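The values are calculated or read from the model by the stated rules, or taken from the named source; none is laboratory data. This structure is a prediction, so every number in the text was calculated from the model and none was measured. Cβ sites come from the backbone with ideal geometry, for glycine too, and all protein chains shown count toward neighbours. With ligands, DNA and RNA removed, areas are computed over all heavy atoms of the protein, side chains included. Shrake-Rupley method; radii C 1.70, N 1.55, O 1.52, S 1.80 Å.
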Amino acid sequence: SHGQCFIPYIESEPMVRTTYDFLQASQVALNQNYFSRKNSLIVTGYSLGGYVAASFARELETNPDYTYPVDLLFVGGTPFRVKQISDLVRASDELVTPYLLPYAIWGYKKNGYPDLKVEDILNEPYASESDTYFDGNHSNIGELFPKKVNELFTESYINNTGETSIYIDRILEENSIKPWKNQCDYVVLHGKNDNTVYYANTEDYVAEHKASGGNVEFISDPLGDHSGSGVTYFIRLLLKLPAYK
């Protein structure tokens, strides 16, 4: 779909729906090639993949229309509380990874929330031009957005005033991953030095999930940043998988 659509970045419903479609298609392909599958799934992912995996597993366990039970959900570096990302932007002077929230804003605008007024959130020229930065051809994406919050975001957004600020907060809250009383084994890993998806995002979510009656194992990677903890995630996942043969 390169060049044909804009990814619904951290937008839960389309990502869950398309993942389920892929799952259904894979079962057809397996059956056509005389393979059979286990009756349950392992769902896993890191960073945005972790967001999709957690959203998907939650839907499988809470939506009676879905008939795939989950054995293990193992995610890392995951932006669970999407609205908290916005709150941290407003409270900061500079951002380590300034393009993440604009990426989400454009994804919402071009997919499920076409009425979102980007010009009320981003300063020019980013309000009219920055959607093109996410076309897959800009490997220097980290250099295209200013790190200073007041250069990238409008004063009304930073001060959380106006209808658009209320609207984007509602969108972000809608797409944050809600706790549930999970039946699957649920493991979450996050690096303490992660400045892309902040450690507090996962720490707060895990506390909320447990308080709501869910069970989750939280693995804190004491030295990892977002990339380094990705390696730790793969190692810990590989060590976990043999128990789910």
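Brief remarks follow.
- Rounded tilt (10° steps) of 226-240 against the dominant C-alpha axis of the chain: 10 degrees
- GNM on the chain, alpha-carbon springs under 10 angstrom: the most fluctuating residue among Asn111, Asn31, Asn182 is Asn31.
- Fraction of antiparallel bridges per DSSP, the chain only, in percent to nearest 5: 10 percent
- With all protein chains kept in place, the per residue accessible area of the chain amounts to 51 square angstrom at a probe of 1.4 angstrom.
- When you count the other C-beta atoms within 10 angstrom of each residue and take the mean per peptide, 163-176, 114-127, 16-29 line up highest first as 163-176, 114-127, 16-29.
- Gyration tensor (alpha-carbon) shape descriptor, segment 138-245, a/c threshold 1.5: oblate
- Accessible-area composition of segment 159-245, carbon plus sulfur, in percent [1.4 Å probe]: 54 percent
- Only helical runs count toward this figure. For the chain, summing -39,500 (n - 2.57) over DSSP H runs of n ≥ 4 and dividing by all residues gives -13500 deg cm²/dmol at 222 nm.
- Put a plus charge on the Cβ of each Lys and Arg, a minus charge on the Cβ of each Asp and Glu, and nothing anywhere else: the dipole of the chain about its Cα centre is then about 1060 debye.
- Over the C-alpha trace of the chain, radius of gyration and Dmax come out as 18.8, 60 angstrom.
- FRET efficiency estimate (nearest 0.05) - Cβ-Cβ, Asn33 to Asp169, R0 41 angstrom: 0.30
- C-alpha long axis of helix 48-62 to longest principal axis of the chain, angle in °: 60 degrees
- Segment Ala91..His138, full-extension length gain: 14.1 nm, with 0.36 nm per residue of separation and the alpha-carbon distance subtracted.
- Whole-angstrom gap from segment 113-158 to segment 40-61, using each part's C-alpha centre: 28 Å
- The overall shape of segment 84-153, judged from the alpha-carbon gyration tensor, is oblate: a/c is not under 1.5, and a/b is no greater than b/c.
- Anchor Lys210: aspartates and glutamates whose Cα lies under 14 Å away (excluding residues fewer than 8 positions away in-chain): Asp185
- Sequence-distant residues sharing a close amide H with Leu122 (under 5 Å, placed H): Thr154
- Cα gyration tensor shape for segment 190-243, rounded if a/c is under 1.5, else prolate or oblate: oblate
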